[in-house]
1. Just to verify a result, which residue in segment 49-103, among those that are among the hydroxyl-bearing types (Ser, Thr, Tyr) and in a helix (DSSP H, G or I), is surrounded by the fewest Cβ atoms within 10 Å (Cβ to Cβ)?
2. Restricting the first residue to segment 62-75 and requiring it to be of a type in the set (Ser, Thr, Tyr), which pairs with a second residue that is within 9 Å of the ligand (Cβ to nearest atom) and at pLDDT below 95 meet a Cβ separation below 7 Å and a spacing of at least six or different chains?
3. Could you check, for segment 242-262, whether at least one of its residues is exposed (fewer than 15 other Cβ atoms within 10 Å of the Cβ) and modelled with pLDDT under 75?
4. In segment 285-305, what residues are at pLDDT 80 or above and crowded, with 20+ Cβ neighbours inside 10 Å?
5. Within segment 87-95, is even one residue touching a Phe, Trp or Tyr at 6+ places or on another chain (Cβ under 8 Å) and under 17 Å from THR279 (Cα atoms)?
6. Of VAL106, VAL9, which residue is part of a loop (DSSP other than H, G, I, E, B) and more than 14 Å from the ligand (Cβ to nearest atom)?
7. For segment 130-181, which positions are within 16 Å of the ligand (Cβ to nearest atom), assigned to a loop (DSSP other than H, G, I, E, B) and surrounded by fewer than 13 Cβ atoms within 10 Å (Cβ to Cβ)?
Amino acid sequence: MDQVNSSMVTEFVFLGFAQSLGMQFFLFFFLPLFYVGIILGNLFIVFTVIFDPHLHAPMYILLANLSLIDLGLSSTTVPRMISDLFSDFKVISFHNCMIQMFFIHVMGGGEMVLLTAMAYDRYTAICKPLHYLTIMNPKMCVFLVVATWVIGVIHAMSQFIFVINLPFCGPNNVGSFYCDFPRVIKLACVDTYQLEFVVTANSGFISTATFFFLIASYIFILFTVQQHSSNDLSKAFFTLSTHITVVVLFFAPCVFLYVWPFPTKSLDKFFAIVDFVVTPVLNPAIYTLRNKDMKVAMRKLSRQVVNSREMDFVSKST
Ligand SMILES: *[C@@H]1O[C@H](CO)[C@@H](O)[C@H](O)[C@H]1NC(C)=O
């Protein structure tokens, strides 16, 4: 009995992220910088959309929700990656590993649904402009956001319930710098062939199918835009190209991580960085720096903040 207990895995070991010291310092400098950028940029979007009545259109409400999910998604891994950079013992407890996997998939699955919802919003706006306001009404927005979270939880749960009860008796090196289903399953000391299939079918199939569906939808929308050439053409092209960029950046790593049968460690790292660091920082960047409505709203918001501070100052000093 004792022997069984002592051979059970109670913690997992992460892979060192950077081999060379130079790379380590590089990451030690840029990861925190990016993470602060992710937090500030996404919170700024959320507050701008909430406080500016001009931005209460479905596209911006969905965008603000995407910002929240991005914030959550990178928070599942990046803080840990930063703290692990310079520690020699990169261990994570069994429970935290399970929790990390669960939330990665709640947020990741949710992001997929939300990106699809945003494509549907653009499709309705461009291909059915006369019905846009009746289709994308406030109720529809709430429905899409609720669906995002519900499907995210179902997607995570449907893999989690299989993994939580697996026996782990060592080895315990995850071979990555975060816990995720495909890597952790391989460490179980039972035959996991079927389970690997479940994960590939679930995460892999869903991300691949959604990816191709979204790309096809955007191509269709682009064709529609081109046919009805109007003054808004370049604006629509711009909005759509930002959406497509985000879709490609988010899905390409997913497809690789869950479907590609021959994982390579360096590519693994690269793709994980794209999903947890680059995509979450990119959303605020492209939407705020190049979108006129957002820029106007942000200028207004920051002016209000400055004004209220001045008022504060005046009232305190008198
Ligand atoms: C997310 O969507 C819901 C439902 O439409 C909306 O009420 C909420 O304000 C959105 N969240 C943000 C941060 O804008």
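1. That would be SER83.
2. SER67/ILE45; SER67/VAL46
3. Checked against the condition, which is being exposed (fewer than 15 other Cβ atoms within 10 Å of the Cβ) and modelled with pLDDT under 75, segment 242-262 yields at least one hit.
4. Scanning segment 285-305 gives a single hit, ALA297.
5. no
6. It is VAL9.
7. ASN137
Yes/no per residue for (1) in contact with a Pro (Cβ under 8 Å, 6 or more places away or on another chain); (2) among the hydroxyl-bearing types (Ser, Thr, Tyr); (3) farther than 17 Å from LEU249 by Cα:
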{"site": "ASP84", "(1), (2), (3)": "no, no, yes"}
{"site": "SER93", "(1), (2), (3)": "no, yes, yes"}
{"site": "MET98", "(1), (2), (3)": "no, no, yes"}
{"site": "LEU115", "(1), (2), (3)": "no, no, no"}
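The values are calculated or read from the model by the stated rules, or taken from the named source; none is laboratory data. These figures come from a predicted structure and were not determined experimentally. Here Cβ is always computed from backbone atoms with ideal geometry, including for glycine, and neighbour counts include all displayed protein chains.
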